[in-house]
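Trainee: Below you'll find the structure I mean.
The values are calculated or read from the model by the stated rules, or taken from the named source; none is laboratory data. On a predicted model such as this, the values are computed, not experimentally measured, just so you know. Reconstructed Cβ throughout: ideal geometry from the backbone, glycine too, with neighbour counts over all protein chains shown.
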Amino acid sequence: MAENVSARSVGASRRAVVGGVVGLGVGVPLLAACGSGSGDGGSGGTSTTASGPIGKADEVPVGGGKIFAADKVVVTQPTEGAYKAFSAVCTHQGCVVAEIKGQDIDCTCHGSKFSITDGSVVQGPATKPLEALKVTVKGGEISVA
Ligand code: FES
């Protein structure tokens, strides 16, 4: 019986030693913010800067799209008359996507590609889709929210 008490106390002190080791540093990765500092007003963040009409609907080709870099918006038209809009800020490290090739929205910073249809990742390193925006077309003008 006395042995049980002593065994418990040894166990408790072992736990205390193990507990003291837990919590040693997990490094905090430093991410290079390649998308900041472009000098476009400094509002920062990943949201768009658009607040009114950003362009004309006929600038957006069917089966493709157009990047409105100043507003950080991509507008696509996967099928005729069906417009989609996404944030142009890449979900990898924040670059503004650079070009649209075929059915892909390309970020040339590290090679991510996103679908013009739904903004989903076609090719990494990005793992999250482009943020979808609400798009309206009135009188040939495109607005996003
Ligand atoms: S920021 Fe790295 S792929 Fe776009």
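Trainee: Touching a Lys or Arg at 6+ places or on another chain (Cβ under 8 Å) and modelled with pLDDT under 95: is that true of residue 48 in this structure?
Mentor: Spelling it out, residue 48 is indeed touching a Lys or Arg at 6+ places or on another chain (Cβ under 8 Å) and modelled with pLDDT under 95.
Trainee: Among the listed residues 121, 144, 135, 97, identify the single one that is within 12 Å of the ligand (Cβ to nearest atom), under 14 Å from residue 72 (Cα atoms), surrounded by 15 or more Cβ atoms within 10 Å (Cβ to Cβ) and of a type in the set (Val, Ile, Thr).
Mentor: The match here is 97.
Trainee: If you don't mind, there's one more thing I want to ask. Determine whether the range 106-115 contains at least one residue that is among the acidic types (Asp, Glu), crowded, with 19+ Cβ neighbours inside 10 Å and within 16 Å of the ligand (Cβ to nearest atom).
Mentor: Within the range 106-115, one or more residues are among the acidic types (Asp, Glu), crowded, with 19+ Cβ neighbours inside 10 Å and within 16 Å of the ligand (Cβ to nearest atom).
Trainee: Another one. Looking at residue 66, is it basic (Lys, Arg), touching a helix residue (DSSP H, G or I) at 6+ places or on another chain (Cβ under 9 Å) and modelled with pLDDT of 55 or more?
Mentor: So residue 66 fits the description; yes.
Trainee: Restricting attention to the range 88-114, which residues are free of Cβ contacts under 8 Å to residues at least 60 places away in the same chain, among the β-branched types (Val, Ile, Thr) and in a strand (DSSP E or B)?
Mentor: 89, 100, 105
Trainee: Please go through the range 72-87 and pick out each residue that is small (Gly, Ala, Ser) and either under 9 Å from the mean Cα position of the chain (by Cα) or part of a strand (DSSP E or B) (or both).
Mentor: Across the range 72-87, the qualifying residues are 82, 85, 87.
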